Amino acid sequence: MIQIKHTADITAQTPTWTEVVRYFYDGLNQRVKKELTSPPDTIYLYDGWQCIEEREADGDLLRQYVYGAHYLDELVAKRESGGSLTFYLQDSNYNVVALAEDDGDVIERYCYEPYGTVTFAEEDGDERAAENALNKVLLFQGQRRDPETGLYYFKNRYYSAELGRFLQRDPAEYKDGMDLYLAMLSNPLSGSDELGLGGDQPGVWEILKQLPGALVEEVPKTVVGGTSVWLQRQVQTVRAVQKVQDAAEKMVPKSPPTKLATFAPLSEIPTHVPAKFTYEDVQGLAYPATGGLSGLLDTAVNYGYGNRSLNELSNESVATGIQLGLTSLAMRLAKLAVARLRPAPGKVAGDAQGSEVVQRWMSKDELRATQETGLLRGGRQGTHYVTDAASKDPLRARQRLALDRIPEVRVKMEVPGGKFSSPTKVPTKYKMPGGGTERTATGNVPVRIIEVDEP
Amino acid sequence: MKYLEDMLVEITVSDPWEWGTEVGVTPLSAKILRWRIGEDYRPTEILLSLLKTVMYKGVECRFFVGTPALEREHLEDIARGLAVECALTQIPEDRARSSDPFDLSWWRGGIGLTCTIRAKLV
């Protein structure tokens, strides 16, 4: 229970507090009752997280709400106990912008500042005093505002439109960043946060629209908010597998045309995938986080509302979710097939017999340890980095190999053949351009020092 | 749903070689606090916090920004249980707690580590 009290003079030595309101919650953190000092008290009844009815404490119906199928806070209509109907008109971010009667006439309009401070207006646009507003409750992003406090109830915590911040820490903690009070990732114009568990990642919707396949066009607003991280993961998987698939197409004859990029169901995995899969393959690949084919069900549930049970989802969203899961599975299988076709990247290159000469820039202390032990890097654990040909100039070497400091000595060494990976490019890091190539190995690497070059 | 956030990882430092002399060769435990997505929808940077602060060259090291050390490496492989070669840049705590801890435009040299990161089994 939360009690909110008000005092006229907080600086007084013994301020006189007046109780304003009490809120009561159930175990799911849903607000089930509001007690005002002047009745009637209100009891809230929910379907999932959607408040579908308000009743008085004695059980008499006050009003009912109807929601759309595409978003948790997609309000459609309100029916008062007397039978009168009003309709909510929402913008693309589910802000209630107008209220209409059942004959379609607008009876009230709402304007918002970016973080949700509302201004009430007559149907013709003239400002209306807040106390005379017809709808003081369901406003910014379709969320419930408490007129007595001016705060929005974002289901898991309260939000102050004036501050543009939540008043409690993010229950999901650091999911969206270090600021636990941040709202909509500071992007309230296009971001939303229907559960108060952290704003959706800006641009996820745009990312989805860029993906191939008609399915993406059908992805509803439901995907943002609590499930956005999951979706990003799906998008990354799709992108990653598409790259692998591109590589695979260069290796195997392209017939028949692949359908992976258009979200093919499992039954339509291209026949050119040259591998047989065991049940264990599927079990492990379908959805590693939850494991196996049960992941498909998880996918379906996530596609709908992250916290609703399966029987509350529409057939359409379940079907789409399963299709997404199957697509993910198909792509993972394709990736496995490709992985079986070619050697793992970065692994042993060249002849395992004989020896080869490599170079490494290092410190004098490291050189000493190498000389003493006869092992690269003095036998220390970790990954050994060498290059086939390092620049003689330490500054140039620092740039090409993107080192965080200027190295001291360049050492040319003979190492066993087949120990080091094939060369791979060094990216930009430590503000150095990179562009050189390095090879890696782990474990003890015996070395014979051929030449030490100290600039 | 979480991806890399809050993942506990183990860091084995390869370079600089002197790190092993001064700090020790035991792998360090750390937590991934944040990650940033790149244009190809892959994580490009991670923000790490060591579970135990260490001192190196007189600098208190706790927060690091990590990027792949080689072009073949991908940070999302950490979530798949694979070892990933990373380049870590040490950043001070106020930078780590800023709105954009991945911004290293201020960096003019300091502690950089080359290391192997893998998910820690608990």
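Would you check which residues across segment A:399-427 are among the basic types (Lys, Arg) and within 12 Å of chain B (Cβ to nearest Cβ) and list them?
A:ARG405, A:LYS425
Is there any pair linking a residue in segment A:140-155 that is part of a loop (DSSP other than H, G, I, E, B) to one that is among the acidic types (Asp, Glu), with Cβ under 7 Å and at least six apart or on different chains, and which?
A:GLN143/A:ASP73; A:PHE154/A:ASP193
Please enumerate the residues belonging to segment B:78-122 that are more than 27 Å from A:ASN187 (Cα to Cα), more than 10 Å from chain A (Cβ to nearest Cβ) and surrounded by 21 or more Cβ atoms within 10 Å (Cβ to Cβ).
Residues satisfying the conditions are B:ILE78, B:VAL84, B:ILE117.
Give just the number: which of (1) at positive phi; (2) charged (D, E, K, R); (3) away from every other protein chain (no Cβ under 11 Å) does B:LYS57 not satisfy?
Only one criterion in (1) at positive phi; (2) charged (D, E, K, R); (3) away from every other protein chain (no Cβ under 11 Å) is unmet by B:LYS57, namely (3).
Can you pull out the residues in segment A:362-406 that are closer than 15 Å to A:ARG448 by Cα and of a type in the set (A, V, I, L, M)?
A:LEU367, A:ALA369, A:LEU375, A:LEU376, A:VAL386
Scan segment A:428-443 for residues that are surrounded by fewer than 15 Cβ atoms within 10 Å (Cβ to Cβ) and either hydrophobic (A, V, I, L, M, F, W, C) or more than 9 Å from every other protein chain (Cβ to nearest Cβ) (or both) and jot them down.
A:PRO433, A:GLY435, A:GLY443
Quick check, is B:VAL13 under 18 Å from B:GLN90 (Cα atoms), in contact with a Gly (Cβ under 8 Å, 6 or more places away or on another chain), in contact (Cβ under 8 Å) with a residue 24 or more places away in the chain and not basic (Lys, Arg)?
yes
Does segment A:157-180 contain any residue that is among the basic types (Lys, Arg), at pLDDT 85 or above and within 19 Å of A:TRP49 (Cβ to Cβ)?
Scanning segment A:157-180 turns up at least one residue that is among the basic types (Lys, Arg), at pLDDT 85 or above and within 19 Å of A:TRP49 (Cβ to Cβ).
Residue by residue through segment B:6-19, note down the ones that are outside any strand (DSSP E or B) and more than 20 Å from A:TYR430 (Cα to Cα).
Across segment B:6-19, the qualifying residues are B:ASP6, B:MET7.
Go through (1) more than 10 Å from every other protein chain (Cβ to nearest Cβ); (2) crowded, with 18+ Cβ neighbours inside 10 Å; (3) in contact with a Lys or Arg (Cβ under 8 Å, 6 or more places away or on another chain) one by one and return the number of the condition B:LEU51 breaks.
The number of the failed condition is (2).
Would you check which residues across segment A:360-398 are polar (S, T, N, Q) and either facing another protein chain (nearest Cβ under 8 Å) or surrounded by fewer than 17 Cβ atoms within 10 Å (Cβ to Cβ) (or both) and list them?
A:SER363, A:GLN371, A:THR373, A:GLN381, A:THR383
Restricting the search to segment B:32-44, which residues are farther than 12 Å from B:THR67 by Cα and touching a Phe, Trp or Tyr at 6+ places or on another chain (Cβ under 9 Å)?
B:LEU33, B:ARG34
Which one of these does A:LEU134 not meet: (1) part of a loop (DSSP other than H, G, I, E, B); (2) within 34 Å of the chain's Cα centre (by Cα)?
With respect to (1) part of a loop (DSSP other than H, G, I, E, B); (2) within 34 Å of the chain's Cα centre (by Cα), A:LEU134 is out only on (2).
Given the criterion free of Cβ contacts under 8 Å to residues at least 40 places away in the same chain and touching a strand residue (DSSP E or B) at 6+ places or on another chain (Cβ under 8 Å), identify the matching residue among A:GLU131, A:GLU35, A:GLU74.
A:GLU35 is the lone residue from the list that is free of Cβ contacts under 8 Å to residues at least 40 places away in the same chain and touching a strand residue (DSSP E or B) at 6+ places or on another chain (Cβ under 8 Å).
Mind listing whichever residues of segment A:419-447 are touching a residue at least 40 places away in the same chain (Cβ under 8 Å) and over 13 Å from A:VAL386 (Cα atoms)?
A:ASN444, A:PRO446
Residue check: is B:LEU121 in contact with a Lys or Arg (Cβ under 8 Å, 6 or more places away or on another chain), under 29 Å from A:ARG380 (Cα atoms) and not in a strand (DSSP E or B)?
No, not satisfied.
Among the candidates B:LEU70, B:LEU75, which residue alone is within 7 Å of chain A (Cβ to nearest Cβ), out of contact with any helix residue (DSSP H, G or I) (no Cβ under 8 Å at 6 or more places or on another chain), buried (at least 22 other Cβ atoms within 10 Å of the Cβ) and among the aliphatic types (A, V, I, L, M)?
After ruling out the rest, the residue left standing is B:LEU70.
The values are calculated or read from the model by the stated rules, or taken from the named source; none is laboratory data. The model shown is predicted, which means the values in this text are computed figures rather than measured ones. Note that we place each Cβ from the backbone using ideal geometry, even for glycine, and neighbour counts take in every protein chain shown.
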